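I have placed the structure first, in the form of structure tokens, so that the comments after it can refer back to it.
The values are calculated or read from the model by the stated rules, or taken from the named source; none is laboratory data. These numbers come from a predicted model, not from an experiment. For neighbour counting, all protein chains shown are included, and Cβ atoms are generated from backbone atoms with ideal geometry for every residue, glycine included.
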Amino acid sequence: MNIDFLQGSELEYLPRFITSLAIGLLIGLERERSPAAKAGLRTFALVALFGTVAAMLSEKSASPWLLTGGLLVIGLMTVAAYLRDPVRDQDEIADPGTTTVAAIVMCYGLGAMVWHGYATLAVMLSIVATTLLYFKAELRGITQNLSRRDLVSILQFAVLTFIVLPVLPDKDYGPYGAFNPHQIWLMVVLISGVSLAGYVALRFVGQHHGAALLGLFGGLASSTATTLVYARHSRDNEGLAQLAVVVILLANLVVLVRLSVVSAVVSPNILPHLLPVLGSGLVLGLGMAAYWWRKLRQQSEVLMPEVSNPTEIRAAVGFGLLYAVVLFFAAWLSDIAGNGGLYVVALVSGLTDVDAITLSSLRLFGLGKLHAAEAVAAIGLGIISNIGFKLGLVFFIGGPLLAKRCAAGMVATAAGIGLALLLMAR
């Protein structure tokens, strides 16, 4: 909208009030649906406008107390409305008014933000607030489904992120400047966060959404654990063989997607070189997974993989040490033996943990100690080594038949990555 003609007049402030009105109407529209709420569409629209008016008067009069006083008035009036008309039936008992009071106070604050030039942020926050209000039942269901173990996992991740990480020095130590405590722990937080997302998602998926989601979230939480669980159950129950193949293949393909996301966060400059390599493996692997998916008809029993808590301090410290060791040896061998030394580290470390060599290569690339092609080659070799290791696990734990079925998909993924690396080396 062209508002140049408004400049220099009091009407130049009109767009701010229109934005506040829209915010109030959005939140009020949701509250209007709740029979227990004492405020609806009109009230929230007026509160948002009042927030903008109070902020304007406070700024023009250089008196911040006007804005604070307006907040107190809004809060007291809303509380008084609930005291004057207390809850009477079961529907209202479910929401005694605290949510609506908080929403009104939030609406007032958003109106004030609009006046002070944060209109875009205020609109975004109003959408978030409306979403939280609307999905009340779903959010309550999530909290009720969380076990004590899940809550402990979330709290442990908070400790790793907001207590341990900030106190670690962000300086390079040791040979090759490879040891940076803050950077090492940041990688621990990144991998723990991705794994925690898959771990919690597995809890909510349960046994009701089939092999695709179990493969997806199993790959996020731990592709190795998912492979082991379904290989073992396929050995014990031949009827689960096709299900096991689909879940194992999907879980291992998700690793490629996960590494792409991690690389985008850690070192986005490498993506033009890395994505064609990972994408080649993903495309070929998906073709074989789709073949087995079509063969999988109905499965009466869908098993959940048992995955350990990825945010335990011991597990986090273990990954941090592994990452630091791989980072050092990668830098050292790359220095004394060139690319060959780095690739040996990639093949060996990839047997147990492909995240460590990936993050180490990205770190060395970020420090300028590796070229993009070298880093991508190390990551690709680590993935191929990891795929070979898991295929061996499938053979020894699940048996030759399961290994034969999984081999086509896993080898296709490795072949796609290897072919892309060869083309890149030319």
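Within the stretch 47-72, the set of residues being surrounded by fewer than 13 Cβ atoms within 10 Å (Cβ to Cβ) and either of a type outside the set (Gly, Ala, Ser) or in a helix (DSSP H, G or I) (or both) comprises 60, 64, 65, 68, 72. When the stretch 283-302 is filtered for residues that are modelled with pLDDT under 80 and either closer than 16 Å to residue 257 by Cβ or of a type in the set (Gly, Ala, Ser) (or both), only 300 remains. Once the stretch 307-322 is narrowed to residues that are of a type in the set (A, V, I, L, M, F, W, C) and under 22 Å from the mean Cα position of the chain (by Cα), the residue that is modelled with the highest pLDDT is 317. Selection within the stretch 328-371: residues that are surrounded by fewer than 24 Cβ atoms within 10 Å (Cβ to Cβ) and either in a loop (DSSP other than H, G, I, E, B) or touching a Cys at 6+ places or on another chain (Cβ under 9 Å) (or both). The member of this set that is modelled with the lowest pLDDT is 338. Only one of the listed residues (109, 117) is at pLDDT 85 or above and not in a helix (DSSP H, G or I). That residue is 117. Only one entry in 229, 255, 325 is in a helix (DSSP H, G or I), at pLDDT 80 or above and not polar (S, T, N, Q), namely 255. No other residue among 180, 237 is at pLDDT 70 or above, surrounded by fewer than 22 Cβ atoms within 10 Å (Cβ to Cβ), farther than 28 Å from residue 320 by Cα and not β-branched (Val, Ile, Thr) apart from 237.
Of all residues in the stretch 372-392, one or more are part of a helix (DSSP H, G or I), over 29 Å from residue 175 (Cβ atoms) and of a type in the set (Val, Ile, Thr).
Which residues, counting only those in the stretch 393-411, are surrounded by fewer than 22 Cβ atoms within 10 Å (Cβ to Cβ) and either under 28 Å from the mean Cα position of the chain (by Cα) or in a helix (DSSP H, G or I) (or both)? Result: 393, 395, 396, 397, 400, 401, 403, 404, 407, 408, 411. For the residues 8, 69, the requirement of being at pLDDT 75 or above and either over 36 Å from the mean Cα position of the chain (by Cα) or not basic (Lys, Arg) (or both) singles out 69.
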